[in-house]
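For reference, the structure is listed below as structure tokens.
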């Protein structure tokens, strides 16, 4: 319903302005699912480039569950 309305572009513009205003701000990084080509194309149009980094992850719990304390 909200796709293609420019919301992400506006948020990104504000984020870029904020990073640029910081004396130690050097760039921004996005994480995107490997097969989400629509998002990747959008990010590329907005100036993001693919880097040589890969994200590695170690899962400690498979899902967060509401746990009740044991008495």
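Want the number for residue 53 to residue 5: 0.36 nm per residue separation, take away the alpha-carbon distance, what's left?
14.2 nm
Could you give the nm distance between label points at residue 32 and residue 19, where each point is 7 Å from its Cα heading toward the beta carbon?
Here the answer is 1.4 nm between the modelled labels.
All of the numbers you see were taken from the coordinates with simple rules; none came from a lab. Note that the coordinates shown come from a computational prediction; the quantities given were computed from them, not determined experimentally. Don't worry about glycine lacking a Cβ; one is built from the backbone with ideal geometry, like all the others, and counts go over all protein chains shown.
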